[in-house]
Structure formats: structure tokens, C-alpha cells
Amino acid sequence: MVSLRQKQLTIEGTKRRIRRPFTISEVEALVYAVEKLGLGRWRDVKLWAFDQAKHRTYVDLKDKWKTLVHTARIAPHQRRGEPVPQELLERVIRAQNYWTARQAKQQAELDF
């Protein structure tokens, strides 16, 4: 029988992180932080909303946001995993659209 400790070790002998799904409260915190701080500022999001969550990295937050945007855009019957409230998914789309448009506007101003 293989122990949990042995499962955590890869062939090279380094530890692999255990996958920990996001809770609904973590998703709410992520959405709120992105609404306030914007896209691409994952370090700031981490420090502002997830400072005490040592098991979450900036990359975890970025990846979860990307997954939330995808989930919000597909039909409900195609979604898998822990259900995210529709109201939260609507906030994800609004925030994504707002910050994407703002970045495009800023880039257009720089191009002139």
C-alpha cells in the first residue's frame, strides 16, 4: 500500500501540491477583488484578498479567473464540478468586459 506521503513525492523526490478546489467564498473574494483591482494584477489580488491563504498562488488565482470566464460563457448543462451561483458568473462577465474594454481604450490612447 502506498502512503499519502509517497504519493506526494514525484520521481525526482520533490513535493507536489495537493489540489484544493476553490470554495464559493474564495470565488466570491476573487470576483470582488478583480472587480476592484482589474485583470492582470494577480499579485495585488493575492495580497488584497488572499493574503492569509498560503495554499493559493498568483497563478492559481489567474487560472481560476480564466476558468470562471469560460464557465460563465458556456451553457449551464455543459458545466462541471462545483456549481457557481449564476449571479457570481454574471459579475465575472461584467468585470471581464469592463476591464478588457478599459485596457483596449488605454492601449488605443497609447497608440496615438
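The values are calculated or read from the model by the stated rules, or taken from the named source; none is laboratory data. Note that the coordinates shown come from a computational prediction; the quantities given were computed from them, not determined experimentally. Please note: Cβ atoms are built from the backbone with ideal geometry, for glycine as well, and neighbour counts cover all protein chains shown. Quick note on the areas: whole protein, heavy atoms, side chains included, nothing else; ligands and nucleic acids left out. Shrake-Rupley method; radii C 1.70, N 1.55, O 1.52, S 1.80 Å.
Heavy atoms of the protein chains alone define the surface here; on that basis the chain has 76 Å² accessible area per residue at 1.4 Å probe size. Label positions at I74 and F112, each projected 7 Å from the Cα along the C-beta direction, are separated by 4.0 nm.
Normalising the average separation of contacting C-alpha pairs (under 8 angstrom, six or more residues apart) by the number of residues puts the relative contact order of the chain at 23 percent.
Between the exposed loop cleavage positions of the chain, defined as trypsin sites (Lys or Arg not before Pro) in a non-H, G, I, E, B DSSP state with at most 11 neighbouring beta-carbon atoms within 10 angstrom, the longest gap is 20-53. Sorted largest first by accessible area at a 1.4 angstrom probe radius, with every protein chain in place, the residues Y58, Y98 fall in the order Y98, Y58. Applying 1/(1 + (r/R0)^6) with R0 = 30 Å to the Cβ-Cβ distance of R94 and R43 gives a FRET efficiency near 0.85. Within the accessible area of the chain, what % is carbon and sulfur when the probe is 1.4 Å and the other protein chains stay in place? Exposed carbon and sulfur together represent 54 percent of the surface. Highest mobility in the GNM of the chain, judged by mean-square fluctuation with C-alpha springs under 10 Å and restricted to W42, W65, W99, is found for W99.
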